Amino acid sequence: MSRIGKLPVNLPKGVTLSVNDANLVSVKGPLGELTQAVNKDIKVEVVGNEIIISRPSESKNHKSLHGLYRALIHNMVVGVSEGYKKELELVGVGYRAEAKGQNLEMSLGFSHEVLIQLPDEVKVETKTERRANPIITLTCIDKQLMGHVVAKIRSLRPPEPYKGKGIKFVGEQLRRKAGKSASV
């Protein structure tokens, strides 16, 4: 069996899961509701406070779908019960960020401000303190959407290995390279 797929998903208190005839799984929790279409071959059932995902055969396709849908359903359960949070740090002289509703306005060393319109599901906060790098905090219940938004923001100024400037995750360790050495 799939090592990931055979693990049951625990349902926390206050979270409910329902599966309709079209194999559409919807998870409701205190933070919101998420839905995911599941392949018709994969069977999803709730036993007590656990979600069991099973497959009909040992074919390679069914094995891969088994683990995939178990991981997606687990991400949905965690999202509606706890939510996901990512923090980005802007490292560089003059780099700053400001949240205006669902718009994120950043100054990243370009000749112009960079403006990003965020989806309604993603909540953004910015924090700027004196003598510290600006921090962007993103929260969302959908892990896939969160990853997409974070990757888009990070791609504007990826961290570079020589000076360490760019947009990086809080706590991320960058591999630094030595610059040119002067010849004597």
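The values are calculated or read from the model by the stated rules, or taken from the named source; none is laboratory data. What you see is a predicted model; the values in this text were computed from it and never measured. Ideal geometry is used to build each Cβ from the backbone, glycine not excepted, and the neighbour counts take in all protein chains shown. Quick note on the areas: whole protein, heavy atoms, side chains included, nothing else; ligands and nucleic acids left out. Shrake-Rupley method; radii C 1.70, N 1.55, O 1.52, S 1.80 Å.
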**Request:** Select from region 122-144 the residues that are over 16 Å from E87 (Cβ atoms) and either buried (at least 16 other Cβ atoms within 10 Å of the Cβ) or aromatic (F, W, Y) (or both) and list them in ascending order.
**Result:** I141, D142
**Prompt:** Only one of (1) within 30 Å of V27 (Cβ to Cβ); (2) among the small types (G, A, S); (3) in contact with a Gly (Cβ under 8 Å, 6 or more places away or on another chain); (4) open to solvent by 50 Å² or more (accessible area, probe 1.4 Å) is not met by G94, so which one is it?
**Reply:** (1)
**Message:** Being assigned to a strand (DSSP E or B), small (G, A, S) and in contact (Cβ under 8 Å) with a residue 24 or more places away in the chain: is that true of A99 here?
**Reply:** yes
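Here's the yes/no breakdown for (1) under 27 Å from P30 (Cβ atoms); (2) in a loop (DSSP other than H, G, I, E, B):
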residue	(1), (2)
L115	no, no
E121	yes, yes
E129	no, yes
K163	no, yes
**Fill in**
The one condition G101 fails out of (1) farther than 16 Å from V170 by Cβ; (2) among the small types (G, A, S); (3) open to solvent by less than 40 Å² (accessible area, probe 1.4 Å) is (3)
**Message:** Looking only at region 33-84, how many residues end up being surrounded by 12 or more Cβ atoms within 10 Å (Cβ to Cβ), out of contact with any Gly (no Cβ under 7 Å at 6 or more places or on another chain) and assigned to a strand (DSSP E or B)?
**Reply:** 11
**Asked** With respect to the numbered conditions (1) open to solvent by 40 Å² or more (accessible area, probe 1.4 Å); (2) within 19 Å of the chain's Cα centre (by Cα), which one is the sole condition not fulfilled by S111?
**Response** (2)
